[in-house]
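Since the structure comes first, as structure tokens, the remarks are kept for the end.
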Ligand code: AMP
Ligand code: ZN
Ligand code: ZN
């Protein structure tokens with residue numbers, strides 16, 4: 001397979017775009033698409049101070065690399081959830097640290113156990129919903145660190161496969177409220193919240209993996225959290241990949257056309273009440289935010305044991 005642009009050996013075949021690209025032209029195009037998403041969806045400006053949430057996986061490290069290449073000022077944040085099974089937290093932290101060190105970038109590490117006395121396995125005890133705890137913790141910590149560090153915007157590594165699969169699952173349930181909120185930029189609805197952006201939303205998982213490989217980024221392969229149920233999102237991704245196989249370009253079209261017509265769902269946005277958590281002061285839907293509720297419950301159980 002030869003590069004459509006220069007005839008050198010191609011590293012990727014993008015059937016959706018009828019393009020085969022060599023290393024150089026692939027990297028060039030990848031960066032262009034990141035920049036296009038940033039501009040088209042007004043994700044950030046040149047002067048924005050960006051905090052990239054990095055998990056040690058290919059997507060978030062590729063994102064950090066691309067933003068830096070494009071000249072954005074981006075620091076990283078790794079949240080150590082204290083998951084010991086399969087050495088999950090230790091290995092992913094090492095990858096994030098090694099990446100930052102090699103490139104002379106600033107990585108902030110937030111250790112949940114050191115800061116709050118509990119790691120995720122302890123917070124999860126007695127909780128019914130398998131994966132919601134990680135989500136609550138990550139959202140809270142990302143926002144808090146970004147706020148304290150005076151960043152303007154918080155970026156995550158969600159790619160097109162992630163976004164399209166969430167879209168499909170929201171549509172299958174006709175969850176209008178979630179549909180109204182889904183998109184590459186979530187606005188801050190409170191002064192103590194930061195806008196959250198997804199600059200990789202127009203690039204597939206195959207593209208982010210190839211970018212990471214070509215750029216020599218060492219990442220955790222099996223990043224699926226050992227506690228993740230993950231079944232729904234995997235089923236949605238498989239379904240979309242099968243459709244994509246049959247009609248290349250569908251995934252991208254599905255997502256970008258949704259974004260064009262998204263205002264149709266805008267009326268479904270619930271009016272957010274600006275209440276501040278009694279405990280931590282960050283915005284909450286009740287008196288105490290869901291993160292602080294998790295901590296309080298664990299304290300009541302007195303479980304400070306090992307995970
Ligand atoms: P996930 O929810 O695991 O699919 O991850 C989605 C995004 O959240 C990643 O692309 C990262 O930007 C961010 N993220 C996930 N885990 C962590 C972590 N432990 N620390 C910082 N950011 C994370
Ligand atoms: Zn080429
Ligand atoms: Zn709180």
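Put simply, of 150, 92 the only residue that is near ligand 1 (Cβ under 9 Å from one of its atoms) and farther than 23 Å from residue 296 by Cα is 92. Evaluated against (1) touching a strand residue (DSSP E or B) at 6+ places or on another chain (Cβ under 9 Å); (2) more than 21 Å from residue 216 (Cα to Cα); (3) modelled with pLDDT of 95 or more; (4) more than 16 Å from ligand 3 (Cβ to nearest atom), residue 113 falls short on exactly one condition, (3). With respect to residue 228, determine if the residue is away from ligand 2 (no atom under 16 Å from the Cβ) and modelled with pLDDT of 80 or more. Against the criterion (away from ligand 2 (no atom under 16 Å from the Cβ) and modelled with pLDDT of 80 or more), residue 228 does not qualify.
Specify the residue that is surrounded by the fewest Cβ atoms within 10 Å (Cβ to Cβ); the eligible residues are those in the range 12-45 that are near ligand 2 (Cβ under 9 Å from one of its atoms) and touching a residue at least 60 places away in the same chain (Cβ under 8 Å). So that I can check it myself, show each step before the final result.
To start, the set of residues in the range 12-45 that are near ligand 2 (Cβ under 9 Å from one of its atoms) comprises 20-26, 28.
With the extra rule that they be touching a residue at least 60 places away in the same chain (Cβ under 8 Å), the set shrinks to 23, 26.
Numbers: 23: 17, 26: 22.
Top of the filtered list is 23.
The combined condition, being closer than 30 Å to residue 101 by Cα and either in contact with a strand residue (DSSP E or B) (Cβ under 6 Å, 6 or more places away or on another chain) or without any contact (Cβ under 8 Å) to a residue 12 or more places away in the chain (or both), is not fulfilled by residue 192. Within the range 78-97, the residues that satisfy the criterion of being part of a helix (DSSP H, G or I) and either within 16 Å of ligand 3 (Cβ to nearest atom) or over 27 Å from residue 43 (Cβ atoms) (or both) are 85, 86, 87, 88, 89, 90, 91, 94. Going through (1) closer than 26 Å to residue 182 by Cα; (2) within 16 Å of ligand 2 (Cβ to nearest atom); (3) touching a residue at least 60 places away in the same chain (Cβ under 8 Å) one by one, residue 77 falls short only on (2).
The values are calculated or read from the model by the stated rules, or taken from the named source; none is laboratory data. In this text the structure is predicted, and so the values were computed from the model without any measurement. Virtual Cβ from ideal backbone geometry, glycine too; neighbours counted across all protein chains shown.
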